[in-house]
Amino acid sequence: MLKKYYIPRLIQYFTVLFIGLTLVFVIPRLLPSNPVEHQLSRMMSQGQYLDPSAIEAMRETLEQLYGLKGGTFEQYIDYFKRLFTGDLGPSFTQFPTPVMTLIRQSLPWTVGLLFASLSISWIVGTVLGGIRVSFPRSRLARLIELLIMGVRPIPYYIVSLVLLILFAFLWPVFPMSGGYSMGVKVGFNARFILDLLRHAFLPILSMVIIEIGGWFLQMRNVASNIVEEDYVVYAEASGLPKAKIVFMYIMRNAIIPQITGFALNIGFIFGGALITEIVFAYPGMGYLLYSAILSGDYNLIMGINVFSIVGVSTAMLIVDLIYPLLDPRVRYQ
Amino acid sequence: MFRVIRDLYVNDRRFTFGFTVLVFFVIISFVSLLSPYDMRAWNAVPRYLPPSAKHPLGTNSIGQDIMWQAMVATKNSLLLGAIAAAISRVIAIVVGLLSGYKGGIFDRIVMVMTDSFIILPMFPILILIATILRSSLNMVVLGVVIGLFGWAWDARLFRSQILSLKEREFTRTAVFSGLSTFKIVLTEHLPYVFPLVMATTINNVIWVIGMEVTLSMLGLSNLNTPTIGTMIYWALQYQAIFLEMWNWILTPVTICVVLILGLYMLSTSISEYLDPRTRLQMIRKG
């Protein structure tokens, strides 16, 4: 068990980390434009006059900050050393604030969005998928399938934008942007929580609409094989209530692969959360990334990249490690 | 090939829809070459015109004809999809076929790396690249960049096909007659995987179009080239929603949705056709 299941998972985990972090290190160095020069030219184009020696000093400092000093290999070692201590350097536009602090501030919003949308879409998608298979002749079930599958391929951005136009502009029942209203006191009281939910509703809805499709499809495929199993036929023949067959016989057995599917999709879903936050100006990591792009804060973009890679691959590892606890077939292999 | 398309067109409504949409947009792309206006120029036509006979979809706040703009944008988006899909197909085929055929330790290493590319969050990484390249991003560069990141899932799919193909008789015959690995994979196995390549290409184009729209909305592409994404970007920049210029903002959004839905139906229809189990079901149903 340990050798067959856990060790390969750990190897995979460290490979993902290694490849991802190396990519983030290599990409800026492979590309023709130099972030330090870029930063300097930005400062000069803002009309500041700098004499050559000041520019030289500035260049020196920036190179130090970005870890661009010394040979490439030295930089590489240094980069990993800094990552191990959780040091992602300072943000450039909000100077000495460390990137890590900024990420820590916006992280709860993103995690909340991800958690809410994932749990809702997982439950709804799984149940609907199971029902679709159990009642193959129902018109309603087919209609639902058509709707769900129709939205699935549409990019996160388009769905969010359309929801924003519909429910925040044309029929303004939900706020257009932000995490909570100005002037509402932050705290554990009914008014704040209601306000929080009202702001989170559209972002969560747009993520749920897209993500349901994946769970639905997978559930449908797995469950359609289970429906033909002997024990289901037997349960039907012995006259068990339909609800019991659907939930206890069909769905219970089809749920397990739903969890593996989750591990592979987590990077995609995370990217979707970032996009949704940008559209709704929701104060999470996506919005932080957006403000970093607008202000050209290269170090913050790097930091968010590093953090996403570590976060996504760790989440995947946790799902993989929990998996045997849920599936007796893997446990007793 | 032609007969298969005709049969699917007649029998599968999804294929009918998807194929019609694709042909329609391809024709539009060719027509867009006849555009009477220069798409980069501002104020080529009067601004803020409502739809009329001369400008069927009206004009926007920067003095461009929305209909022609949308047609050129469709062409560019499809072109970008084709470039990126072509590049990622080549990588996916080489990786999938070689790794599946060679097996052993080579396969293991390559697959662990492929899985990493599946798991890694591509969106922030693409943003990192696009921010650094911003000044030199044109359609081709953007296509190459997106293509370099979109191959992993399909490589895995192709590999699983090869795993069963290489156990078949003809592979052994080819080995014993002294063909090189590369030749066997290329001439003996690729034709079998080819239909699958077609289906995944369409899915990849969908992904690329979505990625382009997303990067453009962040201002991370060449904003002077009209694409579906940059059209939405400019409409939002000029507050088309608040000005209620629905002809401006909804034209690219609608094109994007219809195009993606059409391509998606085409690909589900083709991959179901390729799957012998569902084909049997279709025959049984009559």
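Under a Gaussian network description of chain A, with springs only between Cα atoms under 10 Å, the residue in A:Ser53, A:Ser138, A:Ser119 that fluctuates furthest is A:Ser53. Cross-link partners for A:Lys242 among the aspartates and glutamates, with Cα-Cα distance under 18 Å and sequence neighbours closer than 8 places in the same chain left out: A:Glu228, A:Glu229, A:Asp230.
Basic side chains Lys and Arg get +1 at the Cβ, acidic Asp and Glu get -1 at the Cβ, and with that the dipole of chain A about its Cα centre reaches some 1120 debye. Calculated [222 nm] ellipticity per residue, helices only, for chain A: -24500 deg cm²/dmol; basis is -39500 (n - 2.57) per DSSP H run with n ≥ 4, divided by all residues, nearest 500.
Between the listed residues B:Met71, A:Val319, A:Ser224, the Cα displaced farthest toward the positive end of the dipole of the protein assembly as shown, a dipole computed from Cβ unit charges relative to the Cα centre, is found at A:Ser224. Each of B:Asn138, A:Leu62, B:Leu57 was scored by the projection of its Cα onto the charge dipole of the protein assembly as shown, and the greatest displacement toward the positive side belongs to B:Leu57; charges sit on the C-beta of Lys, Arg, Asp and Glu.
Excluding same-chain neighbours fewer than eight residues apart, the lysines reachable from A:Lys69 by a Cα-Cα span under 24 Å are A:Lys81. Within chain A, the longest segment free of exposed loop sites, counting chymotrypsin sites (Phe, Trp or Tyr not before Pro) that fall outside DSSP classes H, G, I, E and B and have at most 15 other Cβ atoms within 10 Å, spans A:189-331.
Here the Gaussian network model covers chain B, with springs between Cα atoms less than 10 Å apart; of B:Thr254, B:Thr173, B:Thr214, B:Thr173 fluctuates the most.
Note on chain A: GNM, Cα springs under 10 Å; of A:Pro96, A:Pro283, A:Pro108, the largest mean-square fluctuation is that of A:Pro96. How far, in degrees from 0 to 90, does helix B:152-165 lean away from the longest principal axis of the Cα atoms of chain B, to the nearest 10? Result, in degrees: 30.
Once the Cα atoms are used to define both axes, helix A:190-226 deviates from the longest principal axis of chain A by about 60 degrees.
What's the longest bit of chain B with no exposed chymotrypsin sites (Phe, Trp or Tyr not before Pro), using DSSP loop states and at most 13 other Cβ atoms within 10 Å as the test?
On the way: sites that count: B:Trp42, B:Tyr48, B:Phe242.
Answer - B:49-241.
In this structure, B:Phe176 and A:Asp230 have a Cβ-Cβ separation that, at R0 = 51 Å, corresponds to a calculated FRET efficiency of about 0.70. Of chain B, which part is the longest with no trypsin sites (Lys or Arg not before Pro) in a loop (DSSP not H, G, I, E, B) and with at most 15 other C-beta atoms within 10 angstrom? The reported range is B:169-286.
Taking the helices alone, chain B has a mean residue ellipticity at 222 nm of -24000 deg cm²/dmol, built from -39,500 (n - 2.57) per DSSP H run of at least 4 residues and averaged over all its residues.
Positive contributions from Lys and Arg (+1) and negative ones from Asp and Glu (-1), summed over other residues with Cβ under 12 Å from the Cβ of B:Ala174, come out at +2.
Could you calculate the contour length gain from B:Ala53 to B:Phe194, that is, 0.36 nm times the residue separation minus the distance between their Cα atoms, to one decimal place in nm? Mind showing how you got there, number by number?
Numbers: separation 141, 0.36 × 141 = 50.76 nm, distance 4.60 nm.
46.2 nm is the gain from fully extending B:Ala53 to B:Phe194.
How many Å² of accessible surface get buried when A and B come together, counting both sides, probe radius 1.4 Å, rounded to the nearest 100?
Numbers: alone 19010 and 15380 Å², together 30330 Å².
Result for this pair: about 4100 Å² buried.
In summary, the lysines within cross-link reach of B:Lys166, defined as a Cα separation below 17 angstrom excluding same-chain residues under 8 places away, comprise B:Lys102, B:Lys183.
Count the net charge of all other residues whose Cβ sits under 10 Å from the Cβ of A:Gly130, scoring Lys and Arg as +1 and Asp and Glu as -1. If you can, show how the numbers build up before the last one.
On the way: positive: A:Arg132, A:Arg220, A:Arg252; negative: none.
Neighbourhood net charge equals +3.
How far is helix A:52-65 tilted off the main Cα axis of chain A, in degrees rounded to 10, range 0 to 90? Around 30 degrees separate the two axes.
Remark: the protein assembly as shown carries a charge dipole of roughly 1540 debye about the Cα centre, counting +1 on each Lys and Arg Cβ and -1 on each Asp and Glu Cβ.
The values are calculated or read from the model by the stated rules, or taken from the named source; none is laboratory data. Keep in mind it's a predicted model, so treat the numbers as computed, not measured. Every residue, glycine among them, receives a Cβ derived from its backbone with ideal geometry; neighbour counts consider all protein chains shown. All accessible areas refer to the heavy atoms of the entire protein, side chains included, with ligands and DNA or RNA removed. Shrake-Rupley method; radii C 1.70, N 1.55, O 1.52, S 1.80 Å.
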